[in-house]
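Input: a single structure, listed below in structure tokens.
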Amino acid sequence: NARDRSHVNRRTWLIIVAIVVVLTFGFGFRLYNMGRDISAENGGQTSSSGVATIGGPFNLVDQNGKARTEQDFRGDYMLIYFGYTYCPDVCPTELQAMSNAMDILPADVAKKVQPIFVSVDPERDTVAAMADYVPHFHPRMLGLTGTLEQTSAAARAYRVYYSKAFEEGEPKDSDTYLVDHSSFIYLMGPNGAYIRHFNYGETPEKIAEGIEKVVANQG
Ligand code: NI
């Protein structure tokens, strides 16, 4: 009867309105998230030119105890990765990929590239710990550490996320904690500017290919 029909119509309308609302907000939310993903990929910060800024000055110490700044590498490409020596899997995998990529590169390209490992865990990654660690990967790998302030500043400049991860019940003064951290290999140009990054899991072949392409274009 008429009453039932109007009731059905009202319900139908409510459903249509609900669908429209969900689609509108869902789409808007997706756009918002896409924007966030892009800005996260760009390091969440843009310069006045609208170009993302990754990289910048750093003041660190290498595994031989020598003070190092970004200026030391001007004229060379930096292949730079942030992590920590206690990392059980991700860091060793990535540092091995960087090292293998270095070996795949033609010698004239490889000599223009400085592979660098920067600690986000300087409390455990002393100069001595870095000296024990980096030679396992590549003879030319530099391991940079410093004070907590210095490594934090470097990580900030490269928009690296990291956070100590204690297991449930693990005391906060434990020295066996893990560190969650973002895992990108950055390729920086001879002027120190960001060129591109390689994602976690990229093969050494792809990394070498990516570097070679850049060096072939820029010299
Ligand atoms: Ni790691």
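Using a 1.4 angstrom probe and counting only protein chains, how large is the accessible area of L178 in Å², to 10?
80 Å²
Give the carbon-plus-sulfur fraction of the accessible surface of region 65-175 in %, rounded to a whole number; probe 1.4 Å, heavy atoms of protein chains only. Each step should come with its number before you reach the end.
Details: 2640 of 5150 Å².
Carbon with sulfur: 51 percent of the solvent-accessible area.
Just the accessible area for K111, please: 1.4 Å probe, Å², rounded to the nearest 10?
Taking all protein chains as shown, K111 has close to 140 Å².
Would you mind getting the accessible area per residue of region 143-193, heavy atoms of the protein chains only, 1.4 Å probe, in Å²? Each step should come with its number before you reach the end.
On the way: 2690 Å² over 51 residues.
Value for region 143-193: 53 Å² per residue.
Modelled label-to-label distance, R156 and A67, 7 Å Cα→beta-carbon offset: nm?
2.0 nm
As an exercise, use a Förster radius of 30 Å and the Cβ-Cβ distance of A165 and H136 to find the FRET efficiency, rounded to the nearest 0.05.
Values: r = 24 Å, r/R0 = 0.79.
The value I calculate is 0.80.
Would you tell me the accessible area of M102, worked out with a 1.4 angstrom probe on the heavy atoms of the protein chains, in Å² to the nearest 10?
Accessible area, nearest 10 Å²: 10 Å².
Provide the descending list of Cα extents for region 140-198 along its principal axes, expressed in whole angstroms.
For region 140-198, the Cα extents along the three principal axes come out at 46, 23, 23 Å.
Which lysines have a Cα less than 22 Å from the Cα of K164, not counting those fewer than 8 places away in the same chain?
The reachable lysines, counting only those whose Cα sits under 22 Å from K164, are K172.
The values are calculated or read from the model by the stated rules, or taken from the named source; none is laboratory data. Remember, it's a predicted structure, so these values are computed and weren't measured experimentally. A quick note on method: Cβ atoms are made from the backbone with ideal geometry, for glycine too, and the neighbour counts reach across all protein chains shown. Ligands, DNA and RNA are excluded from the accessible area calculation, which covers all protein heavy atoms including side chains. Shrake-Rupley method; radii C 1.70, N 1.55, O 1.52, S 1.80 Å.
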